[in-house]
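The values are calculated or read from the model by the stated rules, or taken from the named source; none is laboratory data. Owing to the predicted nature of the structure, the values given are computational and were not obtained by experimental measurement. When we count neighbours, we look across all protein chains shown, and the Cβ atoms used for this are built from the backbone with ideal geometry, even at glycine.
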Amino acid sequence: MRPGVGGVPFGGLVCAMTALLAAGCASTEHRYMAQHLPDELQASAWQAPCTVDLSQTVARLTPPKFDAGDEVEVVLATGLGSADVTRIKAIIADDGTVELPVLGRIAIAGTTGEGARQAVVQACHRDGIHQSSVVQISLQRARQHQITVTGAVQHPGIYTLPRQCSDLISALAAAGGVCRDAGSKITIQSRGMANVSAPPAAGSPPIEPPSGQVEPALMTQHAGAASARREIQLTSGSAGELAQEELRDGDVVVVERRSPPAVLVTGMVQKPGRYELPVGVEYRVLDAIASAQGVSHKVIDTVVVCRAIHGGTERALIQVSLRGATRNENENIVLMSGDLVSVETNAGMLLQDVTKYVGLAVAAAAGCFIHF
């Protein structure tokens, strides 16, 4: 008996793979020839979430607004001399106000530089300060956000982002981008905050860090506070959406980890097994056969691709000719995740085996005759 894979006899391995193919495709079958495959069953190259261009950013069309925790500088000029210029640095309080000498507290959070300037000018007029004073307010240092990024990213950890750049695409870029095995779902967990306008999701379970990943302290802080959880879809064209997704201080970003899509190559090949699809490159039948180190017999020509259709409730059996695939790209179809590629036996291969075994038997008999 011919040897198989992993100690399993070759005949038994073929029978097992044939049974697997039959079980996976026997429910409702639709048979096609590769050259006449309908457009709706055609596959395309796998565009992995890791191909998202994190260098793309969406231009912010509105001027940045001041917020609590920002450090600002207020310049008051009542004349042309240096003695007439007053510079005051202050931090915006949690209530959104900044305290200035003489003028007291002025609310500027939520306003732009021009809006804050008008608020200070009005306070000057109210308190009888020089009517021709020039006021300028500028942002010196934005409040810093601590963002935890974990899951399928290159460098999980806690990253400090300026408030005005605290968005999802900046957080992913700080973590080195997503890995090849990243899935399409990103979960954002926000800890309870007094100024959160959106109600927390009822019964939302806390996010547990993936095994072996960083266990950030922020994930255990404020355990008793209400939290909000939201999900974002990561696709090759979602860079703009990621830039629009703002993050709050203490947010935890978890990138889903998923096994890369693959095809299963079985039957009369040198190395049956599971082979992952390349990113952004078409992976065709001949590529799968090459990954499996070629067919076991040169006379083999028939390959059957079993493909799930209609949400997996039905199967398409696509017959491919290896000889035709070398000459015609339409025969050498593109594979998709979950395809089962079965290299089939045929009469020519059986004849080849019989001839081989008869030759070995004749040689053995001749050796015995010579010995006697």
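Kindly indicate the residue of the range 291-319 that is in a strand (DSSP E or B) and of a type in the set (Lys, Arg) and also farthest from the chain's Cα centre (by Cα) among those meeting that condition. By that ranking, first place goes to Arg315. Answer yes if at least one residue in the range 165-184 is farther than 17 Å from Leu234 by Cα and either buried (at least 18 other Cβ atoms within 10 Å of the Cβ) or in the same structural domain as Asp251 (by TED's automatic domain parsing) (or both), and no otherwise. Yes, the range 165-184 contains at least one residue that is farther than 17 Å from Leu234 by Cα and either buried (at least 18 other Cβ atoms within 10 Å of the Cβ) or in the same structural domain as Asp251 (by TED's automatic domain parsing) (or both).
Scanning the range 334-348 for residues that are of a type outside the set (D, E, K, R), touching a strand residue (DSSP E or B) at 6+ places or on another chain (Cβ under 9 Å) and either part of a loop (DSSP other than H, G, I, E, B) or modelled with pLDDT under 90 (or both) yields Leu335, Met336, Ser337, Gly338, Thr345, Asn346.
Candidates Glu241, Glu246: the one that is closer than 30 Å to Tyr159 by Cβ and without any contact (Cβ under 8 Å) to a residue 12 or more places away in the chain is Glu241.
Each residue in the range 277-297 was checked for being modelled with pLDDT under 90 and at negative phi, and 7 of them qualify. For the range 266-290, residues that are over 20 Å from Asn330 (Cα atoms) and either outside any loop (DSSP other than H, G, I, E, B) or among the basic types (Lys, Arg) (or both) total 8. Note on the range 63-109: enclosed strands (runs of 3 or more DSSP E) holding 3 or more residues that are free of Cβ contacts under 8 Å to residues at least 60 places away in the same chain are 85-91, 97-100, 104-107.
In the range 264-290, of all residues being β-branched (Val, Ile, Thr) and either surrounded by fewer than 20 Cβ atoms within 10 Å (Cβ to Cβ) or not assigned by TED's automatic domain parsing to the domain that holds Arg323 (or both), the one that is nearest to Ile169 (Cα to Cα) corresponds to Val279. For the range 61-78, filtered to residues that are touching a helix residue (DSSP H, G or I) at 6+ places or on another chain (Cβ under 8 Å) and surrounded by fewer than 16 Cβ atoms within 10 Å (Cβ to Cβ), the residue that is modelled with the lowest pLDDT is Pro63. Residues that are over 26 Å from Pro260 (Cα atoms), assigned by TED's automatic domain parsing to the domain that holds Pro38, modelled with pLDDT under 90 and assigned to a helix (DSSP H, G or I) are absent from the range 320-333.
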